[in-house]
Amino acid sequence: MARTLKYTRRASHEVVIGGYKIGGNNPIAVQSMTNTPTADVEASVAQTERIERAGAEIVRLTAQGKKEGEALQPIMDMLRSHGSKAAIVADIHFTPEIAMIAAEAVDKVRINPGNFRTSNGELERLIAICRRRGVALRIGVNHGSLAKRVFDIWGDTPEGMVESAMEFLKMCREADFHEVVVSMKSSNTPVMVHAYRLLVEAMQKENMTYPLHLGVTEAGDGIEGRIKSAVGIGALLADGIGDTLRVSLTEDPENEVPVGKMLVEYFRHRDGEFEVSDEDYARYSPTVFSPRTTAKPIIHSEITDEYDIVDATSANPTHEWRAVILGRADNRPKVLRRRYEESDPERVAIYAAADMGQLLIDGLADGVWIDAPALDEATVADMELMLLQASRLRFSRTEYIACPSCGRTLYDIQSTLAMIKARTSHLKDLKIGVMGCIVNGPGEMADADYGYVGSSPEHITLYRGREVVERNIHQSEALDHLIEIIKRDGRWHD
Ligand code: SF4
């Protein structure tokens, strides 16, 4: 028997968010998040409008305290009086009381189940407000901030993330409240992809059809940040998973929107069906990572006779490659090759990452060849290396886990990231977290070797892994101190 691999969107139910609908047959909505202090109503409105003009349907604002929570109503009033149609989401991390205030003002509330108790009626109270006002809820699970009770059983794993989401989804279903969206973000693309796929599996078993919000956290900036986001988000979109998405970049938030739109547009045209026998397909599992070979992951200039090149020419390259590679029973390592005629390097990088990332994460391929005749060799080689790194197959440069910044950010993260890169980008074995706030930063910088985290305005706390090494030093000295720590650890070279 054979099965046909083709693009089909996962069935989800429709959820209303302000004037937009996501899920069902609605187009995949693109969103971004402000990084102005939310209590500064005028600045937040102005930035929300810039994000909307860039094309986003949904805009999120952080509401970390009462002051910010109470600013949401005047923000909504001003936006609507200006004619803005953007659906507005409040991001709540820690304080359930603020979620209640926010739900009285906005179109959707995002909560992190890691910080919400399930035993004291907090969620039920929030649901009651959401139901009364027609407000949607996002259960936003983040790798790195799971509740202790989940962490103690499952650890910081995709399974733990799924457990955390399912606990809340079941409570929502129990309350007969279905205006719920779910996300499972991580800065580690294989963790992110596996978490979403496991969640889809767990929801299917429960006959749940909640729409999914996709995102890779702390992706960084520039081409590197775009590739990392496109690998994670593209790997899921290729299989029809995802109803709304946010590309997180350490740049102005309006820069995120065209990247998100480009991904949505790219996956609108996925014609192509490919047959694979059941026997061959049995070698593949979307939820168990098992590389086919132990070959060194390579870029096209490193190809030797040992490697087999697999070309994809259809509009559905991900399924084409999956079918061909599963159909070849040999043990030769596979290099994915595809031609991209575009002359814009950003577009080529995003398309290639979205096409090839899934095969790399799934262990089906061992190398990439981006055949882009309009770009020069060095640019393409660099992109290929970034793609292998974003899929966590080969580390050839310092990995920066940089948050996109939000209203909680305590220093100028864009210029600081550039400064840190200028002095450390030759340390290719290191992962450095650059995070805007100490509330979420340490949890979300995941497996960084060192962390540079905002702890009070213009003050930084430095981490080695999860351990605080220096607390609250002024920003003017922080980078020198970080370098000193790396030197003392014997991990620096010139
Ligand atoms: S880590 Fe960055 S994006 Fe996340 S809450 Fe803190 S400042 Fe905002």
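Derivation of every value follows stated rules applied to the coordinates shown; laboratory data play no part. Since the model is a prediction, treat every value here as computed from it, not as a measurement. FYI the Cβ positions are ideal-geometry reconstructions off the backbone, even for glycines, and counts take in every protein chain you see.
Between T4 and H493, the distance separating the two model label sites (each 7 Å from Cα on the Cα→Cβ line) works out to 5.4 nm. Compared with the direct C-alpha span, the chain from D330 to E104 gains 75.4 nm at full extension, assuming 0.36 nm per residue. Counting only Cβ charges, +1 for Lys and Arg and -1 for Asp and Glu, the dipole size of segment 12-214 around its Cα centre is about 160 debye. Each residue of segment 23-36 was assigned a 3J(HN,Hα) from its phi angle through the Karplus curve 6.51 cos²θ - 1.76 cosθ + 1.60 (θ = phi - 60°); the sequence is x, x, 9, 6, x, 6, 7, 10, 9, 8, 9, 6, 10, 7 Hz, with glycine and proline shown as x. Which one, A43, V16, A103, is farthest towards the positive end of the dipole of segment 12-214 when Lys and Arg carry +1 and Asp and Glu -1 on their Cβ? In segment 12-214, that residue is V16. Here's the picture: charge each Lys and Arg Cβ at +1 and each Asp and Glu Cβ at -1 in the chain, and of V141, F289, A374 the one pushed furthest to the positive end of that dipole is V141. Sequentially through segment 397-413, phi angles give Karplus couplings (6.51, -1.76, 1.60; θ = phi - 60°) of 8, 4, 9, 9, 9, 10, 6, x, 6, 7, x, 9, 5, 9, 7, 6, 6 Hz, Gly and Pro residues having no value and appearing as x.
Based on the Kirkwood approach, the hydrodynamic radius assigned to segment 262-359 is 14.8 Å, with every pair of different Cα atoms included.
Residue-wise HN-Hα couplings along segment 64-72, as the Karplus relation 6.51 cos²θ - 1.76 cosθ + 1.60 with θ = phi - 60° gives them from phi, are 8, x, 4, 4, 6, x, 6, 6, 5 Hz; Gly and Pro carry x. Computed on the Cα trace of segment 1-122, the radius of gyration divided by the Kirkwood hydrodynamic radius gives Rg/Rh = 1.08. Bridge orientation summary for the chain: considering DSSP beta bridges with both residues in this region, about 25 percent are antiparallel.
Tell me the relative contact order for the chain as a rounded percent, counting alpha carbon contacts under 8 Å between residues six or more apart. Mind dumping the intermediate values first?
Values: 1079 pairs, mean separation 71.6, N = 494.
In percent, rounded to a whole number, it is 14.
Label zone (D77, point 7 Å along Cα-to-C-beta; backbone nitrogen cut-off 14 Å) within segment 35-56: 41-42. Taken about its Cα centre, the chain carries a charge dipole of about 1020 debye when Lys and Arg each add +1 at the Cβ and Asp and Glu each add -1 at the Cβ. Equivalent-ellipsoid semi-axes for segment 327-424 (Cα gyration tensor, √(5λ), whole Å, largest first): 30, 17, 13. Restricting to segment 12-214, compute how many DSSP beta bridges are antiparallel as a %, nearest 5. Given both bridge residues lie in segment 12-214, the antiparallel proportion sits at roughly 10 percent. Using the alpha carbons alone, the radius of gyration of the chain stands to its Kirkwood radius in an Rg to Rh ratio of 0.96.
Listed by chain and number, the lysines whose C-alpha is less than 28 Å from the C-alpha of K428, apart from same-chain residues fewer than 8 away, are K185, K228, K296, K334, K487.
If you add up the charges near T34, with Lys and Arg at +1 and Asp and Glu at -1, over every other residue whose beta carbon is less than 14 angstrom from its beta carbon, what do you get?
Values: positive: R50, R53, R60, R110, R246, R408; negative: D40, E42, E49, E52, E68, D91, E251, D252, E254, E256.
Combined, the nearby Lys, Arg, Asp and Glu give -4.
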